[in-house]
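Asker: Could you have a look at this structure, given as C-alpha cells, before my questions?
The values are calculated or read from the model by the stated rules, or taken from the named source; none is laboratory data. The structure displayed is predicted, hence computed values, not measured ones. FYI the Cβ positions are ideal-geometry reconstructions off the backbone, even for glycines, and counts take in every protein chain you see. These area figures cover heavy atoms from the full protein model, side chains too; ligands, DNA and RNA do not enter into them. Shrake-Rupley method; radii C 1.70, N 1.55, O 1.52, S 1.80 Å.
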2 protein chains.
Amino acid sequence: MNTTPKEMNGAESVVRSLHAGGVDVCFANPGTSEMQFVDALDRTKLMRCVLGLFEGVVTGAADGYARMAGKPAVTLLHLAPGFANAAANLHNARKARVPMLNLVGDHALRHQQYDAPLSADVEGACAPFSDWVRSGRDAGSFAADAMAGLAVAKGKPNRIASLIAPADIGWDAGGKMAGVVAADVPAPLDEDALNAALKALESDGKTVILAGDSVLESPEALAILQGIAEKSGADILAPTSNRRMERGHGRLAVTKVPYPINDAIACLAPYASAILVEAAAPVTFFAYPGKPSLLLPEECATITLAGLGGDGPAALAALADRVGAKAAKPIDTALPPVPQTGAITLKNIAAALANALPEDAIIIDEAVSAGGALFEAGDCAAPNSWLALTGGSIGIGIPLAAGAAIACPDRPVITLQADGSAMYTLQGLWTQAREGSNVTTIILANRAYEILKGELHNVGAQPGPDALSMLNLDRPDLDFVSLAKGMGVPGRRVEDVTELMQAIKDAAKEPGPYLIEAAL
Amino acid sequence: MNTTPKEMNGAESVVRSLHAGGVDVCFANPGTSEMQFVDALDRTKLMRCVLGLFEGVVTGAADGYARMAGKPAVTLLHLAPGFANAAANLHNARKARVPMLNLVGDHALRHQQYDAPLSADVEGACAPFSDWVRSGRDAGSFAADAMAGLAVAKGKPNRIASLIAPADIGWDAGGKMAGVVAADVPAPLDEDALNAALKALESDGKTVILAGDSVLESPEALAILQGIAEKSGADILAPTSNRRMERGHGRLAVTKVPYPINDAIACLAPYASAILVEAAAPVTFFAYPGKPSLLLPEECATITLAGLGGDGPAALAALADRVGAKAAKPIDTALPPVPQTGAITLKNIAAALANALPEDAIIIDEAVSAGGALFEAGDCAAPNSWLALTGGSIGIGIPLAAGAAIACPDRPVITLQADGSAMYTLQGLWTQAREGSNVTTIILANRAYEILKGELHNVGAQPGPDALSMLNLDRPDLDFVSLAKGMGVPGRRVEDVTELMQAIKDAAKEPGPYLIEAAL
C-alpha cells in the first residue's frame, strides 16, 4: 500500500512527497474542499492524523509539535474562513519562528469565478499570517509546490508556509512525486560583529547579551554563554517571549526582559552595549502615552552577533574562543520550601509547581498575568522544556500542549493556563483526550482579564462598571471542571495549596489528560 | 454625563458620533489597544456593552443582532489576530449582506514601525472579510471615518465596514463629533428587466421566481409574490442560505434550492426562465468532478428584476401591477401530528419542533446535515423568524442566537445546532448566560461531521479508519450538558422524542438560556 503507485492524484502526490521529506504528522480540521487529502491520508496511512475541533487548535498543536519535534507538521485547513480561524495561533508560531506547512483547501479552480457561499480571497487571508504563500496550479506540479513550501518552513529562521490547494488539483490524476528542496542555511558568522562584541565586552560600560531562539534550546550553548558572562562580567537576558527554553537543574537560569513596560525599561537602563544573539532589539508589547517603544536606552550600542537567521550557538562558541571562556557549570537554583497550607497565591503556586515538576516535564506557559510569578519555578525544578506564548495572541496553551504531547509521548506536559485565554481554544482538551495525551492543565482561575486592568490603568483610565463588565469573567463564573468533563477530560477544582499539590500528584498518576482549576 | 463635552479624545468622539447615528449596542472582546474605547464606553454609558469570550462570538452576535434589529451594532476587536478570530462569522455576515461596523484596534501609529509581538498587517487581515476598510489617521478625523463606515454598513445592500483604530488616535485629545453620512439607497427599478420578467411569465416555458433578502423578510412582499405566482403559474424558490425568513402560519411557505448538488440540479431543471429578485443566480456550494458549478440549466434565461442592491418588494409590487396580481392569502401548512414515542429522528424532531414552537419565536438554523429535514418545521408552526447559516462557515448558531436575543429580548430564541459546528464558538453560551437571554439551544448530537461523509462520497472516495477519525466526533463523546453547565447554562440530554418535547416546554419556562442535547 505504501509503495508509490504509478498513477496517483495530486493530493496523494503531496502526501507521499511530504512524507518522504520527513513529515509524518498532520493536524487537521478538514472540510469538503480537503476531502481528497482526507482520502489520500486514509489510503496511504503515512501520517498520523490528529483532528482538532477548531482550526486554532490545529495550528496551536502543530506549533507545539514543531517546537518539541524540531521539525514541521502539516496542517489541513478549510478555505479562507478555516484559515482565519487558524490564524491567531499561526501568528504566534510565526513570531516564534516555528516551522509549519499549511495546506489550505480552496474551491476547484473552475469554481473560483463564482461567488459560492464559501468563496473568499484565500491568498489574501493567508498573506498576513504566513511568510510564504503559493497557490497550487495543477496536479503535476502540486507536490513540487508543497516541497518548496516545506523548504521555506525548514529554513533558518523557520517560517510559516501556506500552500493553497484548489480541490480539483487534488482529485485530478497526474500527481508527480517531488524531491526535497534545499532550505536556507543559517547566515554565516559576521566577523565585524564578532569584533564589535568583543570590544563591547572589554569596554568599561555594562554589557548585556540578549540571547534567544536556538541558544535557549541548547543547554550546551547556555553553558558557553554563562562562561562568556563569567569571564567578561556581562549580564545575560532572554527576550520576554520565547518558543522554548531548556531550563531547570543543570541548565543556566536565564532572566527574561520583563513584560510590564516600567520594569522592562528599568531592567535595561544600565547597559551601554547590547549583544544580540538570535534575538531582536527589544520593543514594548504596546505603546503607552508618554513612554518609548524601544526598550534599550537610546545611547546603548546594539551589536547583532547573530541575527534571527544566524547560528547563535556557533556565534557564541566563536565569541567564547575570542574571550578565552569555556562552558561553565550552572549553579542550580535552590528549590523553595514546599508550601504547607493556605489559599493559592502566585507565590505558593510557583513553589508548589517547582517541587512537583517531574523530570523532563514540558511546561506550557500561557499564564499571562500570573506568568511573571510562575516563571521562576522552571529554574529551580528538575530539567524541563518551557514553551511560552510568543505572539501575544491568547488561546495557545491548550493546543500547544496537545501538540507537544504528540511529539513527546513519554514526557509529562503541564500547562499553566490563564482562564480567560483558555476560553479561546478550549476545544484542544478534546484532542488531548482523544490522543490519550499525558497533559495536566492547571487553570489559573482569577476570573478576569486581569492583565487588561493593568493596561487600562497604563493608558490613564479608571474602570467603572461598564469597563469592568468587559474585563471580569464572572456573572456567571466559568466552571472549568465541567467544561473539561464535557470533552472527556477528568478534573477537579482546588482552593488550597495543599490540595493543589495533591492534585498535581494525582494527575501525574492518571493516564491521559487531567485538568486542575486552581482558584486564585 | 451624556452631553457632549467640549474636549474629548478620539475614542469618545467615535462612541458619541456612532450613538448619535443610531448605534447603541457594542459587542466586544477588547485588548490593550482598545482600552480607550472601553474607557469611553464606560464613561459615556451610551451603548449596551456585551462581552464575548472569543471574537467569533462577538461578530456572530453582532450579525444576529443586526438581522433582527434591522440596524448595525459596532464590534470591538483586538489587532490582526483578534480580527482573524472574528473573521469566519464576518464572512457569514458578509455573504448574508448584514450591516456591521468593526472597530479593530491597532498599535499606536508611532509603534507600528516596530515588530512588536502583536504587530501584523491589520489592513491586510481585514480586507478579505470586509467590504470597506479604512485606517484612522488622527483624533480629529476619527469620528468622521467611523461615520463613513457606518454609512457603508447601512447602505443597500448592507455591508461589512472595518475601521482600524490605532491606539494613540483613541487617546489623543481633539476628537470631533461627526454627523450622519448618507448611505447608498436601493438601485432604481429597471424597466427593461420588468418587461423581460413580464414576457417570461407570459411565455410557454416554465418560470421560477428566485427571491431573497428583504423579500423573505416581508410577509407583505411574500403575499404579493404569491399573488404573482398564482396569476402567472410561475414557481417560487428561495436561495439555499438566507439571513432571515419570516415564516409560519399567515406567511407564504417558500421552498429553498436544496443543498445537495443532485437535488439542486433536479429542482431547477424544469425552468426556461428565472426571475431574480434580490438573489443571485444559484451556484453550487462546492465543485465536484464532472458536475456543473451553475445550477440553472444552461438554456435557462436569467432576468435580474432586482439585484442584491435593489428593492425587491418594490420590484415585485411593480410586477404584480403589470401582471394584474394582488396580494394572495397564504394557505397554512398543516401541523404534523405530535410525535408520541420513540427514538429521536430527523422526521419526528421536525414534528416535535413544529408543535412546540411558541408564537414569534426566532429560530437559529445551524442544523447543517439535519437542516433539510428540520426546515419544514418553520412553515407549519406559529409565525416565526428563521435565521440561517449563510456563508457556509460553521460556528455561527450559538453567537447568532445570543445577538438575536439582545435585539429582541421579548421573543423566545430556539437554536437548531449541529454538534460539530457548536464546538467552534461554544463560548457564546456564556454570553447568553451573562445576558440572561431567553435562548434554548437544541444540540443535534449525531457525533460526526455527518455532512462531510456525504461530501467524501461526492468526490468519489470511501472512508477508511483514518478518514473516519477525521469525520467522527466520538472518542471521547462530547457531553454538551457538562459543557453548558461550565458556562452557567442549565441543560439535559434527551434520547426519546417525548423527552425532547418535554424538555422544550421546560426550557421555555426556565428564565435565561437552556441547552438540550438531543441524541440522534
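Asker: Using θ = phi - 60° and the Karplus relation 6.51 cos²θ - 1.76 cosθ + 1.60, list the HN-Hα couplings for the stretch B:108-116 in order, rounded to whole Hz, with x at every Gly or Pro.
Answerer: 3, 3, 6, 8, 6, 6, 9, 8, 5
Asker: Along the three principal axes, how long is the protein assembly as shown when you take its alpha carbons, biggest first, rounded to the nearest angstrom?
Answerer: 99, 77, 54
Asker: Where does chain B land at 222 nm, in deg cm²/dmol rounded to the nearest 500, when only DSSP H runs of n ≥ 4 count, each adding -39500 (n - 2.57), divided by all residues?
Answerer: Working: 21 runs with 203 residues, N = 520.
Calculated at 222 nm, the ellipticity per residue is -11500 deg cm²/dmol.
Asker: I need the phi-derived Karplus couplings for the stretch B:363-378: 6.51 cos²θ - 1.76 cosθ + 1.60, θ = phi - 60°, integer Hz, Gly and Pro marked x.
Answerer: Listing the rounded values in order: 9, 9, 10, 10, 7, 6, 5, 8, x, x, 6, 7, 4, 4, 4, x Hz.
Asker: For the stretch A:10-171, report the translational diffusion coefficient in µm²/s to the nearest whole number, using Stokes-Einstein at 20 °C, 1.002 mPa s, and a Kirkwood Rh over Cα pairs.
Answerer: Working: Rh = 14.9 Å.
Approximately 144 µm²/s, per Stokes-Einstein.
Asker: Still on this structure: What is the diffusion coefficient of the stretch B:183-240 in µm²/s, taking the Kirkwood radius over Cα pairs and the Stokes-Einstein relation at 10 °C with a viscosity of 1.306 mPa s? Walk me through the numbers before you get to the answer.
Answerer: Details: Rh = 12.6 Å.
Reported coefficient: 126 µm²/s.
Asker: Given q = 0.19, 0.20, 0.22 Å⁻¹, what are the Debye log10 I(q)/I(0) values for the stretch B:191-323, with equal point scatterers placed on the Cα positions and solvent ignored?
Answerer: Debye curve over Cα of the stretch B:191-323, log10 I(q)/I(0) at q = 0.19, 0.20, 0.22 Å⁻¹: -1.05, -1.16, -1.38.
Asker: Taking 18 Å as the cut-off for C-alpha to C-alpha distance, list the pairs among B:Lys95/B:Lys154; A:Lys71/A:Lys329; B:Lys6/B:Lys176; A:Lys71/A:Lys95 that go past it.
Answerer: On the way: B:Lys95/B:Lys154 15 Å; A:Lys71/A:Lys329 30 Å; B:Lys6/B:Lys176 9 Å; A:Lys71/A:Lys95 16 Å.
The pairs that break the limit, which is 18 Å between Cα atoms, are A:Lys71/A:Lys329.
Asker: Count neighbours as other Cβ atoms within 10 Å of each site's Cβ, and list the GluC sites (Glu not before Pro) in the stretch B:1-70 that are DSSP loop with at most 14 such neighbours. Display every interim value, and only then the final one.
Answerer: Working: sites: B:Glu7, B:Glu12, B:Glu34, B:Glu55; in loops: B:Glu7.
Passing both the DSSP loop test and the Cβ count: B:Glu7.
Asker: Sequence gap of 8 or more, or different chains, plus Cα separation below 27 Å: how many lysine pairs satisfy both in the stretch A:346-519?
Answerer: 5
Asker: Hey, another quick one. When we measure straight from the Cα of B:Lys326, which lysines land under 28 angstrom away, once same-chain ones fewer than 8 places off are left out?
Answerer: Within the straight-line limit of under 28 Å, B:Lys326 reaches these lysines: B:Lys156, B:Lys199, B:Lys206, B:Lys231, B:Lys256.
Asker: For the protein assembly as shown, report the accessible area per residue in Å² (1.4 Å probe, heavy atoms, rounded to an integer).
Answerer: Per residue, the protein assembly as shown has an accessible area of 32 Å².
Asker: Measuring from centroid to centroid over Cα atoms, what is the spacing of the stretch B:439-478 and the stretch A:38-71 in Å?
Answerer: 18 Å
Asker: Say a label goes 7 Å from Cα toward Cβ at A:Pro409 in every copy; what distances in nm does this one have to the rest, shortest first?
Answerer: Label point to label point, same position, other copies: 5.4 nm.
Asker: Where the accessible area of the stretch B:10-171 is counted over protein heavy atoms with a 1.4 Å probe, how much of it, in %, is carbon and sulfur?
Answerer: The C+S portion of the solvent-accessible surface of the stretch B:10-171 is 46 percent.
Asker: From the convex hull of the Cα coordinates of the stretch B:414-501, what is the mean projected area in square nanometres?
Answerer: Mean shadow area of the hull around the Cα atoms is 6.8 nm².
Asker: Right, another one. Please report the antiparallel percentage of DSSP beta bridges with both residues in the protein assembly as shown, rounded to the nearest 5.
Answerer: 10 percent
Asker: While we're here: So for the stretch A:277-351, Kirkwood radius off the Cα pairs, Stokes-Einstein at 4 °C and 1.567 mPa s: how many µm² s⁻¹?
Answerer: 76 µm²/s
Asker: Computed from the mean reciprocal separation of all distinct C-alpha pairs, what Kirkwood hydrodynamic radius does chain A have, in Å?
Answerer: Computed over chain A, the radius equals 24.0 Å.
Asker: Continuing with this model, one more query. Nm distances between the label at A:Pro5 and the same-position labels in the remaining copies, 7 Å along Cα→Cβ, shortest first?
Answerer: Inter-copy label distances (nm, one decimal, shortest first): 7.1.
Asker: Using only protein heavy atoms and a 1.4 angstrom probe, determine the accessible area buried between B and A, summed over both sides, in Å² to the nearest 100.
Answerer: Looking at B and A, the buried total is near 8000 Å².
Asker: Taking each pair of different alpha-carbon atoms in the stretch B:346-519 once, compute 1/r for the pair, average those values, and report the inverse of that mean as the Kirkwood hydrodynamic radius in Å to one decimal.
Answerer: Roughly 16.2 Å, rounded to one decimal.
Asker: How many percent of DSSP beta bridges within the stretch A:368-518 run antiparallel, rounded to 5?
Answerer: Antiparallel bridges make up about 5 percent of those DSSP assigns within the stretch A:368-518.
Asker: Place the label 7 angstrom along Cα→C-beta at B:Pro337 and in each other copy, then list the distances from the first to the rest in nm, shortest first.
Answerer: Spelled out, the distances from B:Pro337's label point are 7.7 nm.
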